[in-house]
Amino acid sequence: MVRERFGSVAEVATAKRPFTFDVPFGPVETEAYFRRHIGPLQIAFSRLDAASQSTLAQELLAQWQNHHRGDDHHTLVETDYLEVHARPNRPR
C-alpha cells in the first residue's frame, strides 16, 4: 500500500521494526491516556456518537489487556511498526 501511494515518483524502502510500549500505568489508564492524548485517536473518537465511542474504548482496552505482559500498574506491549523511507526519483 505504501508503494502504491507514492507510485512511480519515489523509491520506497520499508522495514518492519520491533517496538515496545512501556507505559507506567495499567491497561485501563493506558487506554484512557491514548484516547485523550494521541491525535489520531482523538479525531476518531470526536467523530463517533457516544455509543460508538464506548464500543471503540472497550475494543482498545481489550487490545491493551490481551497483549500486555506487565501488571495492573505497568503496561508492556511488544509490537512492530513499519519504517518507511521514500526518496524522490531523480529525473534522468
Relative contact order computed over region 7-92 (Cα-Cα under 8 Å; 6+ residues apart), in percent: 56
With everything on Cα atoms, drop me the angle between helix 27-37 and the longest principal axis of the chain, reported from 0 to 90° to the nearest 10. 50
Most fluctuating residue of 69, 17, 35 in a GNM of the chain with Cα springs under 10 Å: which is it? 17
Add -39500 (n - 2.57) for each DSSP H run of 4 or more in the chain, then divide by its residues: what number comes out at 222 nm, to the nearest 500 deg cm²/dmol? -13500 deg cm²/dmol
Other residues with Cβ under 15 Å from the Cβ of residue 28 give, with Lys and Arg +1 and Asp and Glu -1, a net charge of -3
Rank 48, 56, 76 by mean-square fluctuation in a GNM of the chain with C-alpha springs under 10 angstrom and give only the top-ranked residue. 48
Go through [x] 11.9, 31; [y] 13.8, 40; [z] 17.7, 58 and flag the label whose value is the computed Rg and Dmax of the Cα atoms in Å for this structure. [z]
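Taken together, the values in this text are just the output of simple stated rules run on the coordinates, not laboratory data. This is a predicted model, so every value here is computed, not measured. Note that we place each Cβ from the backbone using ideal geometry, even for glycine, and neighbour counts take in every protein chain shown.
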